[in-house]
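Report on one structure; see the data block that follows.
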Amino acid sequence: MLSQARIESILPIGDLGRQVVYLDTVGSTNDLAKSLGEGSYGNGTLVVADEQTQGRGRGERGWLTPAGTALALSVLLRPGLGAGANALALNGLGAIAAVDAVEAFGGNARIKWPNDVLLAGRKAAGVLAEVSWAEDQVEYAVIGIGVNVQRGSAPPDDQVLFPATSLEEALGKPVDRLELLRAIVAQLDRWQGALGKPGLVEAWQERLAYLGEQILLEQQGEAVQGELVGLAGDGRLRLRLAGGQEIVTGQDFVHLRPVDSRLE
Ligand code: BT5
């Protein structure tokens, strides 16, 4: 079970988790972290919930976090974040941290650009980074991570845009949510210093799914097909079209999928 006391017992790690807000049920941990960001809560405040009733993905999409089976967390970051603290890079940071945390449990995870964490070709976790600007300064940022841990947490195929899985299903062994939380926070702490530096985008690219493969990028009903070449220096996606022309996209609400979408 998750609880305030158990979570506090494993934190802080660096500056992360000096303040912890744990709730059995919340609308969205990102929404709560943003309201704490509007208030006086400090850099590294961690919000964790056992269940979300209004969990959010990108745009109008939702994120399901059923009670007792998953992990939903949001970290509040304050400036000093530096120049690299845009939402795209923070999504990358969250995805790298989630992949490396899952790796510590024996999983070979990949990032479906920009923000999805895949295990065995299925989505096991998602990241939602949001930034609040005051004029041209970052006031605060929130990185939210949702992970399907136990089998019951992954929605069935007919309820999702992209097939889902859980850590326990993909790894074939039990995963303790508190240990996973600790691993994710440790990886966020490890990688946050790379924000705005080439090392972050290099690490993000190294962990990409479908590198060198044909993919479809869909947005507002329009699809573009091309080879996923890698990432530009700012984390946007490079796609080589059939004629050899290369395009770079940083579109937020794009839906990426492999052309050959057979599952492993
Ligand atoms: C995401 O958006 O994948 C970002 C998800 C971020 C969730 C975390 S939980 C903590 C924090 N608080 C929040 O309110 N959010 C963050 P996107 O790439 O737009 O994908 C959303 C789509 O994923 C949905 O439209 C569904 O098709 C699918 N989906 C919903 N719940 C899922 C789940 N549990 N597992 C796999 N796919 C899911």
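The values are calculated or read from the model by the stated rules, or taken from the named source; none is laboratory data. Predicted model only: the values in this text are computed from it and were never measured. Glycine also receives a Cβ, built like all others from the backbone with ideal geometry; neighbour counts cover every protein chain displayed. In case anyone asks, the SASA skips ligands and DNA or RNA and just uses the protein heavy atoms, side chains included. Shrake-Rupley method; radii C 1.70, N 1.55, O 1.52, S 1.80 Å.
Exactly one residue among L77, L64, L73, L88 is in the same structural domain as V160 (by TED's automatic domain parsing), aliphatic (A, V, I, L, M) and open to solvent by 40 Å² or more (accessible area, probe 1.4 Å), and that residue is L64.
At least 2 residues being closer than 30 Å to G212 by Cα and away from the ligand (no atom under 11 Å from the Cβ) is the threshold, and among the strands (runs of 3 or more DSSP E) wholly inside segment 1-119 those reaching it are 110-112.
Condition check: modelled with pLDDT of 95 or more, among the polar types (S, T, N, Q) and either closer than 26 Å to A85 by Cα or in contact with a strand residue (DSSP E or B) (Cβ under 7 Å, 6 or more places away or on another chain) (or both). Does Q214 satisfy that? For Q214, the condition - modelled with pLDDT of 95 or more, among the polar types (S, T, N, Q) and either closer than 26 Å to A85 by Cα or in contact with a strand residue (DSSP E or B) (Cβ under 7 Å, 6 or more places away or on another chain) (or both) - is met. Taken over segment 160-196, the criterion of being in a loop (DSSP other than H, G, I, E, B) and surrounded by fewer than 20 Cβ atoms within 10 Å (Cβ to Cβ) is satisfied by V160, L161, F162, P163, G172, K173, P174, D176, G193, A194, G196.
Against the criterion of being within 8 Å of the ligand (Cβ to nearest atom) and out of contact with any strand residue (DSSP E or B) (no Cβ under 6 Å at 6 or more places or on another chain), G144 does not qualify. Listed by first and then second residue, the pairs linking a residue in segment 157-171 that is polar (S, T, N, Q) to a residue that is outside any loop (DSSP other than H, G, I, E, B) and near the ligand (Cβ under 10 Å from one of its atoms), with Cβ atoms under 6 Å apart and 6 or more places separating them unless they lie on different chains, are T165/R122; T165/A124; S166/N148; S166/S153.
What tally of residues in segment 224-245 results from selecting those that are part of a strand (DSSP E or B) and either open to solvent by less than 80 Å² (accessible area, probe 1.4 Å) or touching a residue at least 40 places away in the same chain (Cβ under 8 Å) (or both)?
Here the count works out to 10.
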